[in-house]
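The values are calculated or read from the model by the stated rules, or taken from the named source; none is laboratory data. Quick caveat: nothing in here was measured; it's all calculated off a predicted structure. Backbone-built Cβ (ideal geometry, glycine too); neighbour counts: all protein chains shown. Just so you know, the surface numbers come from the protein's heavy atoms only, side chains and all, with ligands and any DNA or RNA stripped out. Shrake-Rupley method; radii C 1.70, N 1.55, O 1.52, S 1.80 Å.
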Amino acid sequence: MLRNLAKYLVRDIVWLGTVGVCAISLGLASVFLYLNPQIPTTETYRHYRFETPLRIYTADGALLAEFGNRLIPIDLADVPANFLNALLNTEDKRFYDHRGIDLISLANDVVDLFLSDVRTGASTITMQLAKTVSFGPEQVLIRKLKEMLLALKIERELTKDEILELYVNIMAFGKSAYGVQAAAHTYYGRPVAELNVAQLAMLAGIMKKPTAGNPINGPEWALDRRNLVLRRMRSQGSITDAEYSEAVAAPITAGVHRRGIDLPAPYPAEWVRQQLFERYGNDIYTGFEVYSTLDSKRQAAAQRAIRHGVLDYDIRHGYRGPEGQLALDTVTLGEGGALDGDAVAEALESFRTSNGLEPAVVVALQERRIEVMRGNTEVVPIDWDGLRWAPYLNTDRRGPTPRTAAEIVSRGDVVRILQDDEGAWRLRQLPDVQAALVALDPRTGAIQALVGGWDFHAKQFNHALQAARQPGSGFKPFVYSAALDNGVTPSSMFLNAPLVFEDDNLEMAYRPRNDSGEFSGPMRLREALAQSINMVSMRVMTRIGAESVLDHVGGFGFDTATLPRDVQLSIGGGTMMFTPLDMARAYAVIANGGFLIEPNIVDRVERLDGSLVFEGDYPRACEPCPESDEGPVPPSANRVIDEANAFVMDSLLREVIAHPRGTGRRARALERPDLAGKTGTTDQSTDTWFNGYHPNLAATVWVGFSDHRPTGEGEYGSRTPLTIWMDFMRKALAEEPVIERPIPDGVVRVKVNRETGRVARPDDPNALFEYFLAENPPKRSERDGSEDRAQVRPEDIF
């Protein structure tokens with residue numbers, strides 16, 4: 001009976017075992033059939049494309065930005081044996097024995113899971129490679145099964161050495177370094193072949209926690225991990241006891257040796273990246289090095305000028321209050337204890353430093369002094385001079401001047417602070433207003449400096465390239481240029497008096513006004529442009545006709561399809577919208593003598609080996625362009641206005657600065673007679689501009705709000721934009737000589753009476769010299785005498 005019972009028991013066990021094997025086989029087959037279609041092909045690994053960062057430089061070699069991760073490919077034969085041993089001894093000691101899955105490690109981990117609820121992963125190097133290239137880092141069962149299946153496929157397609165070479169080249173080491181060669185240069189400033197055993201073990205250990213566990217971010221963890229790697233190497237005979245003792249006693253010698261960004265300039269750098277991506281796609285991340293046309297000194301000057309100008313505007317309009325509030329009672333060390341600096345620093349991490357404005361927490365108040373804690377836990381004082389801000393009420397109004405610190409801030413307020421040039425700390429706030437600057441060489445179109453806003457990381461919208469706004473009076477020079485080609489002269493007399501326009505589409509008549517609200521009667525064209533008189537601009541356009549203006553201004557690069565056909569065309573209003581880059585390009589036409597250049601920012605593109613990918617060959621403002629020893633003759637830009645017209649317009653725009661009542665007269669402080677420009681202010685000061693140039697540099701500045709709010713009473717193009725422009729040009733032109741523009745053919749210089757604009761008598765004490773196009777000289781006076789007044793035509797009075 002017992003024998004029969006044993007017989008049946010054996011039969012049942014065999015049957016159950018067979019069923020179990022079949023079930024497991026069926027299950028594995030089902031898993032394979034389900035997951036196999038979802039797994040990438042191994043072609044990705046055989047033809048893996050190493051990514052190296054796109055680096056963008058100024059023309060003079062300053063590094064502006066890096067896009068992508070740092071990776072320096074290395075052949076497996078060039079990797080030190082000690083690093084490979086450290087890696088294999090720690091990560092996958094049976095790498096050369098298994099076929100992608102280490103069943104022994106997997107079994108051990110399954111046992112550990114049931115006994116201790118510890119998940120260690122059991123990932124082989126091949127599985128880690130599959131995860132890095134094809135899957136995300138999250139630990140999910142389905143992902144783990146895919147990873148194992150893909151590892152088996154990889155092992156069938158690639159040799160062990162091919163797998164290991166790919167692994168040591170693409171794994172993350174922290175600090176944006178990928179691959180062991182890039183890691184060696186990043187942490188030690190040397191090739192991996194020159195590192196000692198302790199340093200190689202450190203690199204092998206980093207791969208477990210590349211961000212938090214590298215020797216810079218987590219030195220204690222990194223040291224413990226290095227020593228673990230060294231123990232594994234000794235236990236498996238990769239190093240001797242003496243080598244172990246020397247290495248384990250070595251201190252951390254790692255630092256950050258990668259080249260830092262010399263001049264962070266994200267707005268132009270991103271524009272360069274976009275242009276290259278449109279042309280070359282993802283190839284740009286294979287080691288492209290781009291030399292832009294930017295000048296590092298001018299770019300730095302532009303960024304500094306924008307920063308100072310925006311902050312000055314912000315201070316004028318009042319303090320809007322704290323960004324947040326931190327309950328300081330919750331971050332103290334014990335009851336009644338001191339503040340927990342680490343907790344405060346952690347709370348401030350969500351408030352990123354913006355263009356030099358640091359976040360800080362108000363920790364103490366006195367009557368006219370406060371103390372704030374910075375993100376590094378340092379407590380610094382702010383005295384009354386750096387604290388007294390009148391509160392913001394609205395764009396045009398501020399509240400009463402505060403008398404104590406408690407009227408401005410409270411304990412626990414999260415505020416912004418800035419250290420001035422003398423080392424004193426000042427209360428600031430994140431500006432709400434935006435500003436943009438673009439400067440280019442009018443002879444070549446090469447962008448010299450570009451700033452698209454206050455802080456790229458807070459707002460990626462590039463106002464220099466994307467903010468199409470009404471140009472206001474900044475458009476008047478192009479109307480006046482059209483007028484010169486249609487018989488009007490700088491001494492032509494126009495009436496500065498009220499105008500009334502009837503329009504059936506309007507409920508009431510349109511009555512334009514000058515910004516000052518004043519009307520001065522007859523005046524010469526030159527004076528009208530210098531003082532930006534709207535009434536004269538409208539009369540000029542009415543005399544020559546809107547179509548004449550539209551035909552002419554298209555040559556300056558403007559799209560005329562959307563421009564208004566009424567008097568708004570004469571004052572830069574209505575439907576016209578242009579970016580700061582559009583305006584700088586248009587003013588460059590006058591600066592260079594009449595050529596429409598193409599703005600450009602990419603000079604040349606090279607690969608890491610120095611081979612040339614692209615070299616710019618842009619049209620230049622010359623006809624014909626002269627031969628050069630540097631290369632072939634460059635193409636000529638299109639001439640869009642006569643040189644004579646450009647010369648006379650230049651003289652008119654210089655008057656904007658030189659005239660005692662010119663809207664740009666503050667620029668006389670630069671003490672350069674070779675500067676010219678024009679202010680622009682739209683209705684309610686929504687957009688404020690200054691467009692100006694030197695013969696070798698044209699620059700436009702715009703200031704306004706992204707949401708088209710008015711900038712406030714008293715805000716004109718002659719205020720913040722002109723201040724920014726002056727600060728920039730002062731630095732940008734420091735090494736440029738004063739240039740006297742020669743009088744070209746087709747221009748005559750005649751003495752005229754300043755009140756009539758007609759040819760003056762030889763002995764006229766009220767005379768001045770004026771420039772005219774040769775085909776359109778000034779009229780002679782009908783009466784002989786300096787008392788002549790301007791003759792006002794009937795059509796001027798309406």
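This table checks each residue for (1) at pLDDT 95 or above; (2) surrounded by fewer than 23 Cβ atoms within 10 Å (Cβ to Cβ).
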{"site": "551", "(1), (2)": "yes, yes"}
{"site": "561", "(1), (2)": "no, yes"}
{"site": "567", "(1), (2)": "no, yes"}
{"site": "573", "(1), (2)": "no, yes"}
{"site": "580", "(1), (2)": "yes, no"}
{"site": "584", "(1), (2)": "yes, no"}
{"site": "587", "(1), (2)": "yes, no"}
{"site": "593", "(1), (2)": "yes, no"}
Tally the residues that are more than 27 Å from the chain's Cα centre (by Cα) and at pLDDT 95 or above, restricting the search to segment 662-694.
-> 15
Give just the number: which of (1) surrounded by 23 or more Cβ atoms within 10 Å (Cβ to Cβ); (2) within 38 Å of the chain's Cα centre (by Cα) does residue 193 not satisfy?
-> (1)
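Against the definition (more than 30 Å from residue 462 (Cα to Cα) and crowded, with 18+ Cβ neighbours inside 10 Å), how does residue 236 come out, yes or no?
On the way: more than 30 Å from residue 462 (Cα to Cα): yes; crowded, with 18+ Cβ neighbours inside 10 Å: no.
So residue 236 fails the test.
So that you can scan it fast, the table gives a plain yes or no per residue for (1) among the small types (Gly, Ala, Ser); (2) open to solvent by 10 Å² or more (accessible area, probe 1.4 Å):
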position: 410; (1), (2): yes, yes
position: 417; (1), (2): no, no
position: 423; (1), (2): yes, yes
position: 427; (1), (2): no, no
position: 430; (1), (2): no, yes
position: 471; (1), (2): no, no
position: 476; (1), (2): no, no
position: 479; (1), (2): no, no
position: 498; (1), (2): no, yes
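So which residues in segment 623-647 are open to solvent by less than 40 Å² (accessible area, probe 1.4 Å), modelled with pLDDT under 95 and in a loop (DSSP other than H, G, I, E, B)?
Filtering segment 623-647 for residues open to solvent by less than 40 Å² (accessible area, probe 1.4 Å) gives 625, 631, 634, 637, 641, 644-647.
After this cut, where a residue has to be modelled with pLDDT under 95 as well, the list is 625, 631, 634.
Within segment 623-647, 625, 634 qualify.
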Given 661, 620, 665, which one is farther than 18 Å from residue 473 by Cβ and surrounded by fewer than 23 Cβ atoms within 10 Å (Cβ to Cβ)?
-> 620
Among the residues of segment 540-589, write down those that are more than 13 Å from residue 482 (Cβ to Cβ), β-branched (Val, Ile, Thr) and without any contact (Cβ under 8 Å) to a residue 40 or more places away in the chain.
-> 562, 575
Restrict the check to segment 206-218 and report whether at least one residue is touching a helix residue (DSSP H, G or I) at 6+ places or on another chain (Cβ under 9 Å) and in a helix (DSSP H, G or I).
-> yes
Residue by residue through segment 267-278, note down the ones that are open to solvent by 20 Å² or more (accessible area, probe 1.4 Å) and either at pLDDT below 95 or not charged (D, E, K, R) (or both).
-> 271, 274, 275, 277
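Can you find even one residue in segment 187-202 that is in a loop (DSSP other than H, G, I, E, B) and among the hydroxyl-bearing types (Ser, Thr, Tyr)?
To start, the set of residues in segment 187-202 that are in a loop (DSSP other than H, G, I, E, B) comprises 189-191, 195-196.
Okay, now just the ones that are also among the hydroxyl-bearing types (Ser, Thr, Tyr), so none.
For segment 187-202, residues in a loop (DSSP other than H, G, I, E, B) and among the hydroxyl-bearing types (Ser, Thr, Tyr): absent.
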Please go through segment 172-189 and pick out each residue that is touching a residue at least 40 places away in the same chain (Cβ under 8 Å), out of contact with any strand residue (DSSP E or B) (no Cβ under 7 Å at 6 or more places or on another chain) and not polar (S, T, N, Q).
-> 173, 174, 175, 180, 185, 187, 188, 189
All positions within segment 648-683 that are among the polar types (S, T, N, Q), outside any strand (DSSP E or B) and touching a helix residue (DSSP H, G or I) at 6+ places or on another chain (Cβ under 7 Å) = 663, 682
Pairs with Cβ under 9 Å, 6+ apart, first in segment 309-320 and within 13 Å of residue 430 (Cβ to Cβ), second open to solvent by 50 Å² or more (accessible area, probe 1.4 Å) and in a helix (DSSP H, G or I) = none
Given the conditions (1) of a type in the set (Gly, Ala, Ser); (2) more than 30 Å from residue 448 (Cβ to Cβ); (3) open to solvent by 40 Å² or more (accessible area, probe 1.4 Å), and given that residue 260 satisfies all but one, which numbered condition is not satisfied?
-> (2)
Only one of these is assigned to a loop (DSSP other than H, G, I, E, B), within 14 Å of residue 90 (Cβ to Cβ), in contact (Cβ under 8 Å) with a residue 24 or more places away in the chain and out of contact with any Cys (no Cβ under 8 Å at 6 or more places or on another chain): 252, 239. Name it.
-> 239
Close pairs from segment 264-287: first farther than 17 Å from residue 51 by Cα, partner assigned to a helix (DSSP H, G or I) and open to solvent by less than 10 Å² (accessible area, probe 1.4 Å), Cβ under 6 Å, at least 6 apart | 265/299
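Which of the strands (runs of 3 or more DSSP E) found entirely inside segment 335-408 contain at least 1 residues meeting this: farther than 30 Å from residue 305 by Cβ and open to solvent by less than 50 Å² (accessible area, probe 1.4 Å)?
In segment 335-408, the matching strands (runs of 3 or more DSSP E) lie at 358-366, 369-374.
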Here are some conditions: (1) modelled with pLDDT of 95 or more; (2) assigned to a helix (DSSP H, G or I). Residue 491 meets all but one. Which one does it not meet?
-> (2)
When segment 312-327 is examined, which residues are found to be in a helix (DSSP H, G or I) and buried (at least 20 other Cβ atoms within 10 Å of the Cβ)?
-> 313, 314
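So, residue 532, is that one buried (at least 22 other Cβ atoms within 10 Å of the Cβ) and of a type in the set (Ser, Thr, Tyr) or not? Full working, then the answer.
Details: buried (at least 22 other Cβ atoms within 10 Å of the Cβ): yes; of a type in the set (Ser, Thr, Tyr): yes.
It is true that residue 532 is buried (at least 22 other Cβ atoms within 10 Å of the Cβ) and of a type in the set (Ser, Thr, Tyr).
Checking the structure you have, find out if any residue of segment 286-306 is surrounded by fewer than 14 Cβ atoms within 10 Å (Cβ to Cβ), among the hydroxyl-bearing types (Ser, Thr, Tyr) and modelled with pLDDT under 95.
No, segment 286-306 contains no residue that is surrounded by fewer than 14 Cβ atoms within 10 Å (Cβ to Cβ), among the hydroxyl-bearing types (Ser, Thr, Tyr) and modelled with pLDDT under 95.
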